[in-house]
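This report concerns only the one structure given below.
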């Protein structure tokens, strides 16, 4: 019969205890000490082998595209908004929604692209806020009305929406940078009148004859 490591440990410990109780005093201390060392070594070996088997059993496998598309990967958070007397549920943006939000900051004026940060926080909150059934809480044509609500409330929701969507401080600073100045009109250069050419002696007018 082959004993498992824990069985061998128990057998060694029992034998050591029995030998001590029967009065084997000659070299008993060394024998018991060696038995305890052997028991500890067996226990550590058993634990190492057990952990190795567990690690092999939990090895990460490659995902299929079906598993990726089926994953519920967008976290939600309920944020209490005392200014409005209730709670708003936010959901992290999808990749397409984040692209939409970031591109909305840029606006084409003439032949230049300038930053448009009006209702910057309201835009992200409108994209992130959802109903209980997961549908959007706000329509995009309601962003301006949402932007007229409490700044403290919008900032609280904006911070939570950034966290859920993986937008860090550097991302926000890059998006919320100072707006570029409007294109200036064409410059008008005013030419200074050139000085009159100096007259040569030959070009001087002849003096009137004297009487």
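Out of 89, 123, I need the residue that is under 24 Å from the mean Cα position of the chain (by Cα), within 16 Å of residue 157 (Cβ to Cβ) and in a strand (DSSP E or B). Which one? Lay out the reasoning, then the answer.
Values: 123 fails: in a strand (DSSP E or B).
Going through 89, 123 in turn, the sole match is 89.
Given the options 73, 99, name the one that is in a loop (DSSP other than H, G, I, E, B) and within 21 Å of residue 168 (Cβ to Cβ).
On the way: 99 fails: in a loop (DSSP other than H, G, I, E, B).
So the residue among 73, 99 that is in a loop (DSSP other than H, G, I, E, B) and within 21 Å of residue 168 (Cβ to Cβ) is 73.
Just checking, does segment 35-58 include any residue being assigned to a loop (DSSP other than H, G, I, E, B) and either closer than 30 Å to residue 151 by Cβ or at pLDDT below 90 (or both)?
yes
Does residue 83 satisfy the condition of being modelled with pLDDT of 65 or more, assigned to a helix (DSSP H, G or I) and within 30 Å of residue 166 (Cβ to Cβ)?
no
The values are calculated or read from the model by the stated rules, or taken from the named source; none is laboratory data. Everything quoted here is computed from the prediction, not taken from an experiment. With ideal geometry, Cβ positions are generated from the backbone for all residues, glycine too; neighbour counts draw on all protein chains shown.
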